[in-house]
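Peer 1: Please see the structure below; I have some questions.
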Amino acid sequence: MQLREIHVGPDRFEVTAEDAFLVTELQSALAVCVYDATGEAGALLQLRCIAKTSKPADATDTTLATEMLLLDRCLEALRAIAPGARHLQGRIVAHLADAPHAQALCESVVSLVRRYLEDGDVRVLPEDIAGGPIRTLRFRPSMGWVRTGA
């Protein structure tokens, strides 16, 4: 049986209550994968983390507010399609740009996202952060697994 693939673009999210793959490519971005450990529902959010070489790794209030709003909407949509979900877990997967300030910027955004998820009663598993070639990500919420590759 071939499972449906749902593609997620930059600064977007998708939710599903069916057994499907949520798929994205990460380039200077991070993915937030959230799923119900006892059901099939899950969500994938991709946030860009673009480090500008001309400035230090500061994220503006507007950028952070937009990212947190997307994360809030993503969790809200997940809870709407799976109101019985009580055991939410999350993974953060990131691709680092080849820029001097990329690591610091990524760590700031990951820390903020992690705290937001924890405050929303999501158990956050260890992060997966790497540089190099663009990373592909396949997330199957019903099984709770995340696979990455170059």
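The values are calculated or read from the model by the stated rules, or taken from the named source; none is laboratory data. Worth saying up front: this structure is predicted, and the values here are computed from it rather than measured. Because the Cβ atoms are built from the backbone with ideal geometry, glycine has one as well, and the counts that use them run over all protein chains shown.
Peer 1: Using the structure shown, decide if L64 is of a type in the set (A, V, I, L, M, F, W, C), under 15 Å from the mean Cα position of the chain (by Cα) and at pLDDT below 95.
Peer 2: Numbers: of a type in the set (A, V, I, L, M, F, W, C): yes; under 15 Å from the mean Cα position of the chain (by Cα): yes; at pLDDT below 95: yes.
Criteria met by L64.
Peer 1: For region 64-99, which positions are touching a strand residue (DSSP E or B) at 6+ places or on another chain (Cβ under 8 Å), in a helix (DSSP H, G or I) and among the charged types (D, E, K, R)?
Peer 2: E67, R73 - these are the residues of region 64-99 that are touching a strand residue (DSSP E or B) at 6+ places or on another chain (Cβ under 8 Å), in a helix (DSSP H, G or I) and among the charged types (D, E, K, R).
Peer 1: Please list, ordered by residue number, the strands (runs of 3 or more DSSP E) wholly in region 5-46 having 3 or more residues that are in contact with a Leu (Cβ under 7 Å, 6 or more places away or on another chain).
Peer 2: 12-16, 21-26, 29-36
Peer 1: Could you tell me whether A130 is surrounded by fewer than 16 Cβ atoms within 10 Å (Cβ to Cβ) and touching a His at 6+ places or on another chain (Cβ under 8 Å)?
Peer 2: yes
Peer 1: Okay, moving on. Which one of A59, A85 is out of contact with any Cys (no Cβ under 8 Å at 6 or more places or on another chain), surrounded by 14 or more Cβ atoms within 10 Å (Cβ to Cβ), more than 22 Å from E127 (Cα to Cα) and at pLDDT below 95?
Peer 2: A85
Peer 1: Can you pull out every residue in region 133-150 that is closer than 19 Å to C49 by Cα and surrounded by 13 or more Cβ atoms within 10 Å (Cβ to Cβ)?
Peer 2: Scanning region 133-150 gives R135, T136, L137, T148.
Peer 1: Find all pairs meeting these conditions: Cβ atoms under 9 angstrom apart; at least six residues apart or on different chains; first residue within region 22-44 and at positive phi; second residue β-branched (V, I, T).
Peer 2: Close Cβ pairs (under 9 Å, with a partner that is β-branched (V, I, T)) amount to S28/I50.
Peer 1: When only residues in region 97-118 that are modelled with pLDDT of 95 or more and among the charged types (D, E, K, R) count, which is surrounded by the most Cβ atoms within 10 Å (Cβ to Cβ)?
Peer 2: Ranking the qualifying residues of region 97-118, first place goes to R114.
Peer 1: Out of the residues in region 104-135 that are free of Cβ contacts under 8 Å to residues at least 24 places away in the same chain and assigned to a helix (DSSP H, G or I), which is farthest from L71 (Cα to Cα)?
Peer 2: Within region 104-135, the match that is farthest from L71 (Cα to Cα) is E107.
Peer 1: Which one of the conditions (1) assigned to a helix (DSSP H, G or I); (2) modelled with pLDDT of 90 or more does V146 fail to meet, given that it meets all the rest?
Peer 2: Going through the list (1) assigned to a helix (DSSP H, G or I); (2) modelled with pLDDT of 90 or more, V146 breaks only (1).
Peer 1: Given the structure, is C33 at pLDDT below 95 and under 14 Å from the mean Cα position of the chain (by Cα)?
Peer 2: When the stated conditions are applied, C33 does not pass them.
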